[in-house]
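Engineer: My questions all concern the structure below.
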Amino acid sequence: KAGVTQTPRYLIKTRGQQVTLSCSPISGHRSVSWYQQTPGQGLQFLFEYFSETQRNKGNFPGRFSGRQFSNSRSEMNVSTLELGDSALYLCASSLEQYNSPLHFGNGTRLTVT
Amino acid sequence: LAKTTQPISMDSYEGQEVNITCSHNNIATNDYITWYQQFPSQGPRFIIQGYKTKVTNEVASLFIPADRKSSTLSLPRVSLSDTAVYYCLVGNAGGTSYGKLTFGQGTILTVHP
């Protein structure tokens, strides 16, 4: 079974631009969540989607948004990029079960210059 | 979500057994204990999950005492490829907190030849 796929793998953008990252979950997984990882802050939860609805949101500004499609694929968007948005963005999917562990992709490395 | 405390770093040698202990004093009744492994520039990888007593799979064992206020990840006969960051998480990816996990700082395990 294929794992979580994130595209692109690397991205370089300029301050003020916007970016869209894509995530394809494991087949059958309907919950998709996003995390930001930086050396200073570690892994931080951004938001989680299920059946095209955002169910949970972390403490990030409104410049960070996401959506989920009917096939469970998800995208996240960051508008008006800032230098501090440089990070590894990770997507994870899981089954709709009480103690279902998360399965992560290998992330998109975003560099803002 | 329960706060976890792990050693910041550990060193070991090839062939040795490594035990990483995690403290989680305010674990809730519904919380599970999950360990993830992360290599540089990759997403965290699920290792093992447990609720109480002992759980074993093909790569690790998880020991949880009766009071559940701590847990120990045991890696038998480590190799150089086990050098990674190990995260202990307490909570559950289900219920009202789907996908929302709180990652601590993790333990950097370095395996020496």
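Engineer: Cβ-Cβ under 8 Å, sequence separation 6+ or interchain: first residue in the range B:57-69 and on the phi > 0 side of the Ramachandran plot, partner surrounded by fewer than 17 Cβ atoms within 10 Å (Cβ to Cβ) and among the charged types (D, E, K, R). Which pairs?
Structural biologist: B:ARG68/B:LYS52
Engineer: Could I ask something else about it? Would you mind finding the one in A:SER27, A:SER22, A:SER72, A:SER93 that is surrounded by 13 or more Cβ atoms within 10 Å (Cβ to Cβ), touching a residue at least 24 places away in the same chain (Cβ under 8 Å), of a type in the set (S, T, N, Q) and in a loop (DSSP other than H, G, I, E, B)?
Structural biologist: A:SER72
Engineer: To continue, here is another question. When the residues of the range B:91-113 are filtered to those that are closer than 21 Å to B:ASP11 by Cβ and at pLDDT below 95, which remaining residue is surrounded by the most Cβ atoms within 10 Å (Cβ to Cβ)?
Structural biologist: Among those that are closer than 21 Å to B:ASP11 by Cβ and at pLDDT below 95, it is B:GLY106.
Engineer: For residues that are more than 12 Å from the chain's Cα centre (by Cα) and under 21 Å from B:LEU80 (Cβ atoms), scanning just the range B:19-42, find the one that is nearest to the other protein chains (Cβ to nearest Cβ).
Structural biologist: Filtering first and then ranking leaves B:GLN42.
Engineer: Also: So which residues in the range A:67-103 are over 14 Å from A:PHE47 (Cα atoms) and at the interface with chain B (Cβ under 10 Å from one of its Cβ atoms)?
Structural biologist: A:LEU88, A:LEU95, A:GLU96, A:GLN97, A:TYR98, A:ASN99, A:SER100, A:PRO101, A:HIS103
Engineer: What tally of residues in the range A:35-66 results from selecting those that are in a loop (DSSP other than H, G, I, E, B), under 19 Å from A:PRO25 (Cα atoms) and within 13 Å of chain B (Cβ to nearest Cβ)?
Structural biologist: Residues meeting the conditions: 1.
The values are calculated or read from the model by the stated rules, or taken from the named source; none is laboratory data. Please read all numbers here as calculations on a predicted model, not as lab measurements. Note that we place each Cβ from the backbone using ideal geometry, even for glycine, and neighbour counts take in every protein chain shown.
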